[in-house]
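J.: Let me give you the structure first, and then I'll get to my questions.
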Amino acid sequence: MLLYAIPAVFGLATLFQTLPYFYQIAQWLGAVFLMWLGTRMIRSGWTALQSARTGNVSEPAPSSGRQGFGEGFLIAFLNPKIAAWLLALFSQFVHPEASLAEQVVMVSTVGGVDLSWYCLVALLASSGRRIDFLKRHAPRIDLGMGLLLWGLALGVVFRALESA
């Protein structure tokens with residue numbers, strides 16, 4: 001994530017300075033992207049909840065630690081959605097007049113949060129009871145995160161409308 005965050009923050013700041021209207025365009029595109037992600041998470045959670053109610057739940061095939069690491073690596077470093085996510089996220093916070101210090105803080109924050117998150121997930125996943133709890137509640141977590149993304153997107157829309 002840190003490797004994606006650096007060009008996202010510094011590239012956006014340059015674009016905002018060069019093209020004044022790009023900031024508004026980025027805000028709207030970012031809001032639409034957040035809504036799209038939120039909708040996908042809501043649908044995923046809803047479908048999983050409906051499947052659980054009807055008894056049509058299929059367990060994913062277990063994977064080895066090496067396979068899980070490889071899949072996570074590919075997702076984190078080769079998936080362009082991460083770059084798009086960071087552009088959508090940072091377009092809401094990077095301003096044309098953002099100083100180098102502000103940009104460094106944003107990049108450091110993403111790196112720190114990402115590192116902390118993966119450490120927390122590894123800690124939680126190291127216990128059978130905890131992972132069972134997360135699996136059981138994954139559809140509700142997806143629904144909640146989808147609603148959170150929609151809330152963030154609506155906040156961006158209202159802020160963009162106020163500044164227009």
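J.: Under the Karplus relation 6.51 cos²θ - 1.76 cosθ + 1.60, θ = phi - 60°, what is the ordered set of whole-Hz ³J(HN,Hα) values for segment 30-46, x standing for Gly and Pro?
T.: 3J(HN,Hα) across segment 30-46, in whole Hz: x, 5, 5, 5, 5, 5, 5, 4, x, 4, 4, 5, 4, 4, 4, x, 5.
J.: Modelling each spin label as a point 7 Å along the Cα-to-Cβ direction, I'd like the ALA138/SER51 distance in nm, to one decimal.
T.: Here the answer is 0.8 nm between the modelled labels.
J.: Once label points are set 7 Å from the Cα along Cα→Cβ at both SER116 and LEU2, what is their separation, rounded to one decimal in nm?
T.: Result: 1.5 nm between the two label points.
J.: Given a Förster distance of 30 Å, report the FRET efficiency between LEU19 and MET145 from their Cβ-Cβ distance, rounded to the nearest 0.05. Intermediate results must be reported in sequence, preceding the final value.
T.: Details: r = 32 Å, r/R0 = 1.07.
Computed FRET efficiency for LEU19 and MET145 comes out at 0.40.
Laboratory data are not the source of any read-out in this text; all were calculated from the coordinates shown. Owing to the predicted nature of the structure, the values given are computational and were not obtained by experimental measurement. Cβ coordinates were reconstructed from backbone atoms using ideal geometry, including for glycine residues, and neighbour counts include every protein chain displayed.
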